[in-house]
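J.: One structure is given below, represented as structure tokens, and several questions about it will come after.
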Amino acid sequence: WSGDSKYLLTRSDQYPRVLWIWETLRLGLAAVVVQRDNIAQVKWAPNGDAKLALCTGGNKLFLWSPRGCSCVDIPNPGAEVNAVAWSACGRYLMAHGSRSMCVCYMATVDF
């Protein structure tokens, strides 16, 4: 569930590269997020916003909100983002792997 309870995320092991995001008030599909690689981890922002971060094990971090999607290149050469963690306020995001980590700052409230 998203922090505002307006969205629900589902994933199937049969389609490890796909996320389905459902709008709960409308009881309908809001978005389908398809990645080139298997999705390693997905986390909703904890501050009540409908913001989602996901990673696939590569050097990119992917963000979703009802306004759209964004892709963030991690500037560390050879970075492998296998996990993400939001700060309690939802403004900062840590992307980390087995050998490195990066902290991202959300410059705007919506992306």
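J.: Using protein chains only and a probe of 1.4 angstrom, how many square angstrom of ARG91 are accessible, to the nearest 10?
T.: Only protein atoms counted, so the area is about 80 Å².
J.: Where is the GNM fluctuation largest for the chain (alpha-carbon springs, 10 angstrom cutoff): GLY97, GLY57, GLY78?
T.: GLY78
J.: Okay, moving on. Accessible area of the chain with a 1.4 Å probe: how many percent of it is carbon plus sulfur?
T.: So the carbon and sulfur contribution to the accessible surface is 53 percent.
J.: Let me ask something else. Using only the alpha carbons of region 42-92, determine the length spanned along each of the three principal axes and report them from longest to shortest in whole angstroms.
T.: For region 42-92, the Cα spread along each principal axis is 33, 22, 16 Å.
J.: Now a separate question. Please compute the per residue accessible area over the chain with all protein chains in place, 1.4 Å probe, rounded to a whole number of Å².
T.: Result: 58 Å² of accessible area for each residue.
J.: Turning to a different aspect of this structure: Can you give the convex hull volume per residue for the Cα atoms of the chain, as a whole number of Å³?
T.: Spelled out: Cα convex hull of the chain, divided by residues, is 94 Å³.
J.: Within the set of other residues whose C-beta is less than 12 Å from the C-beta of GLY3, count the net charge using Lys and Arg as +1 and Asp and Glu as -1.
T.: +1
J.: In a shell of Cβ-Cβ distance under 13 Å around ARG36, excluding ARG36 itself, what net charge do Lys and Arg (+1) and Asp and Glu (-1) give? Provide the component values of the computation, followed by the final result.
T.: Values: positive: ARG17, LYS60; negative: ASP37.
It works out to a net charge of +1.
J.: Per residue of region 94-105, in order, report the coupling 6.51 cos²θ - 1.76 cosθ + 1.60 (Karplus, θ = phi - 60°) as ³J(HN,Hα) in whole Hz, putting x for Gly and Pro.
T.: 9, 10, 9, x, 6, 10, 7, 8, 8, 10, 9, 10
The values are calculated or read from the model by the stated rules, or taken from the named source; none is laboratory data. What you see is a predicted model, and the numbers here were worked out from it, not measured in a lab. Cβ atoms come from the backbone with ideal geometry, glycine included; neighbour counts cover every protein chain shown. In case anyone asks, the SASA skips ligands and DNA or RNA and just uses the protein heavy atoms, side chains included. Shrake-Rupley method; radii C 1.70, N 1.55, O 1.52, S 1.80 Å.
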